[in-house]
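Everything below concerns the one structure shown next.
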Amino acid sequence: MRAAAAALVLCLAGPAVAAPPVPPAECPSGMRRSWTTLCDAANRGEPAALVTLGAWRVLGINGPRDPAEGERLIALAAAEGHVRARYALGVLLARRDPEAARRHWRAAGAQGCLGAAIMLLREEAADGVVAEEALHARVAALATEPAARRDDWVALARLLDQAGMTEQGAALRRDGAARQDALMDHVFRARNVATSGQIPQAIAVLEQARAARLDARTRFELDRDLAELHRRLGDRERAAAAAIAALEALRAAPCVVPFDGTQEFELLELLAGRR
């Protein structure tokens, strides 16, 4: 188990890179030990840490807001091919340099980032470079991706609406809502049970939910929650197994975690024995 965990940590963190050719990030004082660990990893040039710390600087999380510094750190990770960094950099560049943003989204989409593929399609549809028939085909393909969930279906349905295909858009919304609502009932029930302190019962509910057909993000969230609940029970082996499953879901759909990447880092910390 430990060997598998170590291998997965290395795979997700990406290859070590040379020291950045610009001043390193400043690690704020008074941070939680795990956040200091992340800041140190960013200064070693680890892409997963660079993109997370960069997002914190852009958003003003765990330190002062510094969009320019945040973009610099994310760009370093994107240069190493980190998929979420490419997606994030596209978002940051969208207004200032649309063509560069599309290049990053195209690269991230090719690496399995559904959000980047949707952003690229939206921009191309707005410019009229995608014919109606091709737009419908691409929307249908993206809607069936393992990572697709309600927010994605809504965005894709809006593209169909804008192209005058309102019936197809409405059908996509109905299908997405039905699939998501049935699943989220399990998730919310499990979280309510866990909040009341009934951790074994919450684990049972989450395990039941895992038997359903899950999109990648929900699978990631369920396994992340299972890892945390097993950790709270002191079962490190099951916690590690659930953390590995969550990170494997992330590998299958690499842009499913929130922009700041905090949840991914916490799982890596758990596997490293630092939580």
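Placing pseudo-labels 7 Å out from each Cα toward the beta carbon at residue 207 and residue 235 gives an inter-label distance of 0.6 nm. Residue-normalised convex hull volume from the C-alpha trace of the stretch 50-148: 94 Å³ per residue.
Each value in this text was obtained by applying a stated rule to the coordinates, not by laboratory testing. Because the structure is a prediction, the values reported are computed rather than measured. All Cβ positions, even for glycine, are placed from backbone atoms using ideal geometry, and neighbour counts span all protein chains on display.
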